[in-house]
Amino acid sequence: MQSNFSFLKTKWSNLAEIAELAEENLYQDPNTTIVKLRMFTEQIVDYIYAYDNLEEPEENSFFNKLKLLEREELIQGEIEDVFHTLRIEGNKGVHESLDSTETAKTLLSLSHKLAVWFMQLYGDWNYEAEEFKLPEKNDEQTSDLTALERKYDSLIEELQQEIDDLKKNQNSQEIEGRKEKSREISSNLVFNADENNIIKINKDNSIEISSEYKFITTDTIEDKTSAYKNSWDAVRRAFSGRQCLAYWRYPLFSKRGEKHKEPDITIIDKDLGVVVLEIIDIKLDELTNAQYERWNFKNGSSQEVIYKVEDNLYELKGLYQGNRNLRRIKESSAVILPEITKEQWLEQDFDDKKIIFKDQLTPKKFLNRIEEIDTLAGNEKLSSEAWNDILMILTGQITHSVQSSTDINSTNESDKLKKRSQIKQKIKEDLYEVDMQQEVIGKTIPPGPQRIRGIAGSGKTVLLAQKAAHMHLKHPDWKIALVFFTRSLYDSVIEEVNKWLKRFSNGKVEYDPNNNNLQVLHAWGAKDQPGFYRELCKAHGKKPLSARRKKLVDGAPNEKLVHACKYLLEDVAEIKEIYDAVLIDEAQDLVVDNEEIKYENKQPFYWLAYQSLKTIDKDKDKRLIWAYDEAQSLNSLNIPTAPQLFGDDPHFKRLVSGFHPGGIRKSEIMNKCYRTPGPILTAAHAIGMGLLRENGMLRGYTTQEDWENIGYEIKEGSFNPVGQKVVLHRPKEMTPNRVPELWPEDIIKFNSYNTRKEELNNLVEKIKYNIEVDGLSPSRDILVIALGESREAYNLKVRAAKRLNKEGFDIYIPKALKNNIFYPKFPNEDRNKFWNEGGVTFTTTYRAKGNEAYMVYVIGLDKIAEDESNFALRNQLFVALSRTKGWLEVSGIGDFPMYDEFRKVIKSGNTFEFIFQRPLLEKNEKKKEVY
């Protein structure tokens, strides 16, 4: 009988042979068929990347390759389901030894459909396929499986060489036509009952976790015995190909006496449910008796070992027991004895219930043993909904999706979302994706320094709060400081830390401002409020300097603080090692360019923080964690390297490069923005850097790597040499905010007016509409930001606030104790206060930093346009634009060339095209070096 895949030989003979060999093994070894059909599918994907000249994703897994092809619309609809079904079932073949002949038959017929699709798309558009015929069974046919495996290896090697050659000579001109053709072929696919069933099983909309983030080590395991390391490695091997998420030391602390203890290993598995494991590193001769209820040790002690691991499971269950989807799922707990075999144990007449032994740590035995262990009450596998829900719960993101009262796809005009308050509610109801990179960063405690780079709205503050809470519960004796620069963030940061403390302790621990072991501190502080700098002055018996001291530099508040830190470093012979961990948010605002206020060629605030930390180990590591936004500094225009922060000592050269022992990254880059809608974020980057300026960009990134680090793709051109056309694009998935998708109009607008009075009159009318028609709340939903140098921005802010107040609306000026106070003054002020119930907040960029609102108005663009090449003013504009999580309206008076630039930026959407020249900032710095 001729093979179903022989038609591929005319163009891809090796590919055809792989499919034919899989076909031949159907009855003799269905597992080989299943695994090799996955291989066949992956080779087709590699061909597609070569033909269409696509750059492979950074995390180059099969799943990620498919996702990129979906985004490019090269695979869509029904054929997308075929790809994923062959991938998932193939994974089961590799990792679970799936060997069902019936499954293999169905996958063969689906592979035939995939092969035909591939031929019609990349071979012959007019090809008409013959009907698939199931191979006949031949009991006499046998194959040498070892020889067969060698044959497969040889074919794959030849195929990869062919694909590599194809990449070198390929320049796809047909990709748009192929997208349309793919859509057409997919829509005509017809599946039989078996195919439909297997596709349905694998198409369940479950959140898929990349292999990179499937096993999370929240704390170093390097200081543990080999028994712990071997047990965790056994989990990783056994669960590697499964749909699961596993944690070493998931941060959920049950109280045992005076200590909080988290479970050693927590696993969420689609089929096995929730599994909690505790490792007991003992030898058999340490025990006198071991029954389910209690283990007795030769030293005279006894423990309820099995009950304690059950307690951990019940603590975990407390997080999700209110969720209906999770009430009947499988839940089991067990003890791992990595130094004792089952035979040795049973020879002592010990009870083996809920125990996994040394000889059961091989992948298949491990999984079988977990299957055997009694579950709590339920016995259901995790459905798609249950899987998604429990992931959301464990990662601390939105726990469930509420059915919206308004269907956004409704064809009934009256049902469409017309008010901003409806969009706001819809977004809050939506189930968001799990960001596994954030999960790793937030729940890991690095055994040394760590740098977190993230764009505006990427969630850095939340992650630092999570880290601080985790550290405190795990190490209550540590002295920890979480430091930030914007005073108006005090309440929100404390609220975030408190949320994670309660979550990780199941509501048993809350933030206590009197507990000096966990401090949320403003970087500077004040007489009535502790601050990091002031706390260190106090510890060294020095009087802290205030911002009003004349001896400090005449500059911005952050420069004054850094200068004060320099004085402290100079006044104290040796800084005491006080803290176990210091976490710095808004770290970009604690960097200065002014050489006169640096300390021995170091950044004073960073060096002070570093010196105040206890040394962890012989490598002189200290647990300093800092998070900064590369495009959001209000004053400093450079992002320094570790040596620029801490000095030229060789120790600092690779301080944040590579990995800590155990695999925790020393540096993380967060390039996905959750707060600001895509068109607004890209506009903020473009106008902030001056990408579309008539005279060339002012500042910004000049390498492909840097742009990719903040979530952009280089669609065309390069940055070397200068003078080339560059096309930048920000993919939709890098800014998942859904407002642009839900709102029928433009979400970013710019208007210029003849007079300030006209600008402010229009502002008032729009805010009135937002409150009276859109249904937005005056406080926290609406924010007005005035641009310009400090005094003129302050005056514009007050003038605009008075104009709205005149119409009978309450306004709020930050620091005031109540609404409608235009000039808050000491002592009748609260410097931490940014919002007040019922009042629309009017502010400047400095005060707005770190805050956000759904509707943001940025007024006074003319104050930037008058000096449009001023780097600091451009950066101020970026900060203001990126405060919105919904809509943005920008306005100014007069007519300036920068207005045309801004209109071009808005029109460009998420793709910018420009001729690259060296940024003006870079040119100016080179001139300084010359002179």
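Of the residues screened, LYS479 is one that is over 24 Å from the mean Cα position of the chain (by Cα), modelled with pLDDT of 95 or more and either surrounded by fewer than 17 Cβ atoms within 10 Å (Cβ to Cβ) or over 18 Å from PHE834 (Cβ atoms) (or both).
All conditions but one from (1) modelled with pLDDT under 95; (2) assigned to a loop (DSSP other than H, G, I, E, B); (3) under 37 Å from the mean Cα position of the chain (by Cα) apply to ASP554; the one that does not is (3). The residues of the stretch 416-445 that are touching a helix residue (DSSP H, G or I) at 6+ places or on another chain (Cβ under 9 Å), modelled with pLDDT of 90 or more, surrounded by fewer than 24 Cβ atoms within 10 Å (Cβ to Cβ) and not in a helix (DSSP H, G or I) amount to a single one, ILE445. Selection of the stretch 523-545 for residues being in a loop (DSSP other than H, G, I, E, B), surrounded by fewer than 19 Cβ atoms within 10 Å (Cβ to Cβ) and touching a residue at least 24 places away in the same chain (Cβ under 8 Å) yields HIS540, LYS542.
Taking (1) open to solvent by 40 Å² or more (accessible area, probe 1.4 Å); (2) modelled with pLDDT of 80 or more; (3) more than 40 Å from the chain's Cα centre (by Cα) in turn, PRO135 satisfies each apart from (1).
Can you go through LEU155, LEU114, LEU145 and tell me which one is surrounded by 11 or more Cβ atoms within 10 Å (Cβ to Cβ), modelled with pLDDT of 90 or more and out of contact with any strand residue (DSSP E or B) (no Cβ under 6 Å at 6 or more places or on another chain)? After applying the criteria, what remains is LEU114. Counting only residues that are in contact with a Pro (Cβ under 7 Å, 6 or more places away or on another chain) and either open to solvent by 10 Å² or more (accessible area, probe 1.4 Å) or polar (S, T, N, Q) (or both), the stretch 546-568 holds 2 of them.
Checking each residue in the stretch 455-470 for being modelled with pLDDT of 90 or more, surrounded by 23 or more Cβ atoms within 10 Å (Cβ to Cβ) and either touching an Asp or Glu at 6+ places or on another chain (Cβ under 6 Å) or among the aliphatic types (A, V, I, L, M) (or both) picks out LEU463, LEU464, ALA465, ALA468, ALA469. Restricted to the stretch 851-918, the set of strands (runs of 3 or more DSSP E) holding at least 3 residues that are among the hydrophobic types (A, V, I, L, M, F, W, C) and more than 16 Å from GLY788 (Cα to Cα) comprises 853-859, 911-915. Note on the stretch 499-512: residues that are without any contact (Cβ under 8 Å) to a residue 24 or more places away in the chain and either over 24 Å from HIS470 (Cβ atoms) or in contact with a helix residue (DSSP H, G or I) (Cβ under 8 Å, 6 or more places away or on another chain) (or both) total 2. Among the criteria (1) open to solvent by less than 40 Å² (accessible area, probe 1.4 Å); (2) closer than 30 Å to GLY723 by Cβ, the one LEU655 does not fulfil is (2). Can you find a residue in the stretch 1-23 that is over 19 Å from GLY90 (Cβ atoms), part of a helix (DSSP H, G or I) and within 39 Å of the chain's Cα centre (by Cα)? For the stretch 1-23, residues over 19 Å from GLY90 (Cβ atoms), part of a helix (DSSP H, G or I) and within 39 Å of the chain's Cα centre (by Cα): absent. In this structure, ASP351 does not satisfy being within 24 Å of ILE282 (Cβ to Cβ) and at pLDDT below 95. The set of residues in the stretch 230-271 that are at pLDDT below 90, under 21 Å from ALA386 (Cβ atoms) and open to solvent by less than 10 Å² (accessible area, probe 1.4 Å) contains only LEU252.
Of the listed requirements (1) in a helix (DSSP H, G or I); (2) closer than 25 Å to VAL562 by Cβ, ALA456 misses just one: (1). Checked against (1) in contact with a Leu (Cβ under 8 Å, 6 or more places away or on another chain); (2) open to solvent by 50 Å² or more (accessible area, probe 1.4 Å); (3) aliphatic (A, V, I, L, M), LEU817 passes all but condition (1). Within the stretch 424-480, the set of residues being of a type outside the set (D, E, K, R) and farther than 26 Å from ALA246 by Cα comprises GLN425, ILE427, ILE455, ALA456, GLY457, TRP478, ILE480. Just to be sure, is LYS849 buried (at least 23 other Cβ atoms within 10 Å of the Cβ) and within 27 Å of ARG874 (Cα to Cα)? Yes. Quick one: in the stretch 365-378, of everything that is at pLDDT 90 or above and not acidic (Asp, Glu), which residue is most open to solvent (accessible area, probe 1.4 Å)? For the stretch 365-378, the residue satisfying everything is LYS365. So, of the residues in the stretch 878-900 that are within 25 Å of VAL726 (Cβ to Cβ) and open to solvent by 10 Å² or more (accessible area, probe 1.4 Å), which turns out to be nearest to the chain's Cα centre (by Cα)? Only one residue tops the list, namely ASP900. Does VAL520 satisfy the criteria of being of a type outside the set (D, E, K, R), at pLDDT 90 or above and open to solvent by less than 20 Å² (accessible area, probe 1.4 Å)? In short, yes. Kindly indicate the residue of the stretch 173-196 that is of a type outside the set (Asp, Glu) and without any contact (Cβ under 8 Å) to a residue 12 or more places away in the chain and also least open to solvent (accessible area, probe 1.4 Å) among those meeting that condition. Only one residue tops the list, namely GLY177.
Scanning the stretch 272-323 for residues that are touching a residue at least 40 places away in the same chain (Cβ under 8 Å), open to solvent by 20 Å² or more (accessible area, probe 1.4 Å) and small (Gly, Ala, Ser) turns up just one, GLY318. Checked against the criterion of being part of a helix (DSSP H, G or I), open to solvent by 30 Å² or more (accessible area, probe 1.4 Å) and more than 20 Å from TRP626 (Cβ to Cβ), the stretch 590-598 contains one or more residues that satisfy it. Going through the stretch 320-339 one residue at a time, which ones are in a loop (DSSP other than H, G, I, E, B) and under 20 Å from THR225 (Cα atoms)? Answer for the stretch 320-339, where residues must be in a loop (DSSP other than H, G, I, E, B) and under 20 Å from THR225 (Cα atoms): PRO338, GLU339. The residue list ASN671, ASN695, ASN751 contains one member that is of a type outside the set (Gly, Ala, Ser) and over 27 Å from ASP629 (Cβ atoms), which is ASN751. In the stretch 682-712, what residues are buried (at least 22 other Cβ atoms within 10 Å of the Cβ) and within 19 Å of PRO57 (Cβ to Cβ)? Those that are buried (at least 22 other Cβ atoms within 10 Å of the Cβ) and within 19 Å of PRO57 (Cβ to Cβ): ILE710, GLY711, TYR712.
Residues are listed down the side, and each one gets a yes or a no for (1) in contact (Cβ under 8 Å) with a residue 60 or more places away in the chain; (2) open to solvent by less than 40 Å² (accessible area, probe 1.4 Å); (3) under 30 Å from the mean Cα position of the chain (by Cα); (4) closer than 21 Å to PHE239 by Cβ:
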residue: LEU54; (1), (2), (3), (4): no, yes, yes, no
residue: PHE62; (1), (2), (3), (4): no, yes, yes, yes
residue: GLU73; (1), (2), (3), (4): yes, no, yes, no
residue: ASN91; (1), (2), (3), (4): yes, yes, yes, yes
residue: HIS95; (1), (2), (3), (4): yes, no, yes, yes
residue: GLU102; (1), (2), (3), (4): yes, no, no, no
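The values are calculated or read from the model by the stated rules, or taken from the named source; none is laboratory data. Remember, predicted model here, so these are calculated numbers, not experimental data. Neighbour counts are summed over all protein chains in view; Cβ atoms, including those assigned to glycine, are modelled from backbone coordinates with ideal geometry. Keep in mind that these areas ignore ligands, DNA and RNA; they rest on the heavy atoms of the full protein, side chains included. Shrake-Rupley method; radii C 1.70, N 1.55, O 1.52, S 1.80 Å.
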